[in-house]
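Remarks on the structure that follows.
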Amino acid sequence: MSKKVLVSGGAGFIGSHIVDRLTKRTDLDSIVVVDNFWTGVRENLEHISDPRLHLVESDVETFATDMRFDEVIHLASPASPPWYMREPVRTIKANLMGALNCVDKLVPGGRISFASTSEVYGDPLITPQPESYRGQVDCTGPRSSYDESKRCTESLLFELRRTSDIDLRVVRLFNVYGPRTRPDDGRAVSNFLSQALTNGELTVYGDGLQSRSWGYVDDIVDALERYFWADSIAYPGPLNVGNDEEIPVIDIARYIVKLVPGARLAMCPPIPQDPTNRRPDLTLCRQILPGWHANINYEDGIARTLKWFADKVTKGARTDAPSPVRLADGGSAQEEVTNAQS
Ligand code: NAD
Ligand code: UDP
């Protein structure tokens, strides 16, 4: 039987890579992306000419349709601190109210997959962080709109699973980077690369000794595909997904300085409540997704991402006012689900 899948936030960085993978599936008759182009761009999907793909410009929390989906992948939310801090209420709505609306759009027993985050661990006191660690988050701090809306959305989904008929998959993603991050996204790798290729000054916040575990997008999306697609997996999450090689921010910046002639470090004041460390305990991930591991180290991943950014900078990056997306028509029967072909 042919299935329908909905992806919220599918024009974003990770979302567009997920949509690429969905187009390889032969069991789908509709792939609907709902995105409001807050942090995502139409350009991320423009290379796809699959008639099953329909792009709807809408907030996920108010997205209306008579269609019901066998699978929903809820990704709508900025992941970049400057972006979510600028519009915290909008961030909370995207995650939480977005999840509620997504669940409403499922067929009975349908699957909802949700991208939660390592931010649920806050500034962790143990390392590596297993899924059982309850975290250290400030519910009124500067990162709270993101951290707490992810935590609350996890609660909502797990309670819905307990009280109703949904198939749930929750991942906690650690820092992901790679092609299709917007150049003005503001996260470390994309910021450093954009800066290296423009004014040359890489803004390192604090002493740069704070660390993260940097996952290249292809590796991470491989894991998501294995988890979100698989009918044979009963585990609802939460599941840590990431590269467990933990690297200080300053090492990432220094590596980019080595790659790009003329680039240099610009040490800046620390940002408030910046987590000091983050590293996934992948024990559970290895059980649930046997055979999966992150293959691409930060040197290779950053070199690949640099190529993509260099191309964008040469062409003159377009970060807003995107041109109409070119998608083959696929004729959604639903009035509210408009094929965005122009
Ligand atoms: P992104 O900002 O590139 O993509 C988010 C997408 O959601 C964008 O296309 C944006 O326009 C869309 N969006 C935001 N609010 C919306 C709304 N209300 N309605 C419809 N669309 C909306 O971010 P990303 O890095 O691709 O992250 C995708 C998901 O993964 C997010 O939920 C994020 O929290 C989660 N995540 C990402 C990372 C990471 O390192 N990239 C880490 C942990 C979790
Ligand atoms: N960071 C930095 N300079 C930048 C952007 C980020 O030093 O221009 C640091 C930031 O302070 C944090 C780390 O890099 O310690 C990762 O930041 P990012 O925004 O990528 O992700 P998150 O903080 O959400 O893990």
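The numbers here are math on the coordinates, done by the rules we state, and not lab data. Small disclaimer: the values here were computed from a predicted structure and weren't measured. FYI the Cβ positions are ideal-geometry reconstructions off the backbone, even for glycines, and counts take in every protein chain you see.
Residue 162 to residue 231: FRET efficiency via 1/(1 + (r/R0)^6), r the Cβ-Cβ distance, R0 22 Å, to the nearest 0.05? Display every interim value, and only then the final one.
Details: r = 21 Å, r/R0 = 0.96.
Taking R0 as 22 Å, the efficiency between residue 162 and residue 231 is 0.55.
Quick one: net charge of residue 10's neighbours, Cβ under 12 Å, K/R +1, D/E -1?
Details: positive: 21, 42, 180; negative: 20, 35, 57.
Charge balance near residue 10 sits at 0.
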**Prompt:** Hey, quick one: spin label on residue 3, modelled 7 Å out along Cα-Cβ, who in the stretch 50-91 has an amide N within reach, i.e. under 14 Å?
**Reply:** 69-74
**Prompt:** Looking at this model, which pairs from 93/307; 4/307; 258/312; 3/312; 4/315 are more than 31 angstrom apart at the alpha-carbon?
**Reply:** 93/307; 4/307; 3/312; 4/315
**Cα extents of the chain along the three principal axes, largest first (Å)** = 54, 45, 39
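Quick one: divide the alpha-carbon radius of gyration of the stretch 181-280 by 2.2 N^0.38 Å and tell me what you get. Could you put the intermediate results ahead of the total?
Numbers: Rg = 16.2 Å, N = 100, 2.2 N^0.38 = 12.7 Å.
Normalised Cα radius of gyration, the stretch 181-280: 1.28.
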**Request:** Send over the semi-axes of the stretch 72-138's equivalent ellipsoid, whole angstrom and largest first, taken as the square roots of 5 times the C-alpha gyration tensor eigenvalues.
**Result:** 25, 18, 8
**Prompt:** Along its principal axes, what span do the Cα atoms of the stretch 1-82 show, with the longest given first and each in whole Å?
**Reply:** 43, 27, 16
**Request:** Please check which bits of the stretch 33-53 a label hung off residue 86 would reach, taking the label as a point 7 Å along Cα-to-C-beta and the cut-off as backbone N under 20 Å.
**Result:** 35-44
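Please state the relative contact order of the stretch 1-146 as a whole percent: Cα pairs under 8 Å, 6+ residues apart?
Numbers: 243 pairs, mean separation 33.1, N = 146.
Relative contact order of the stretch 1-146: 23 percent.
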**Request:** Report relative contact order for the chain in percent, whole number only (criteria: Cα-Cα under 8 Å, sequence separation at least 6).
**Result:** 21 percent
**Asked** Taking the alpha-carbon set of the stretch 148-188, what are its Rg and Dmax in Å?
**Response** 14.9, 42
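Note down the net charge around residue 306, summing +1 for each Lys or Arg and -1 for each Asp or Glu among other residues with Cβ under 12 Å from its Cβ. Mind dumping the intermediate values first?
Details: positive: 258, 304, 307, 312; negative: 299, 300, 311.
Here the charged neighbours net out to +1.
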**Request:** Quote the Stokes-Einstein diffusion coefficient, in whole µm² s⁻¹, for the stretch 190-235, based on the Kirkwood radius over alpha carbon pairs, a temperature of 10 °C and a viscosity of 1.306 mPa s.
**Result:** 114 µm²/s
**Message:** Within 13 Å, Cβ to Cβ, of residue 26, how many net charges do the neighbouring residues add up to if Lys/Arg are +1 and Asp/Glu are -1?
**Reply:** +2
**Fill in**
To the nearest 0.05, the calculated FRET efficiency linking residue 209 and residue 297 through their beta-carbon distance, R0 being 22 Å, is 0.65
**Leading residue at positive end of dipole, the chain (Cβ point charges), from 183, 306, 289** = 306
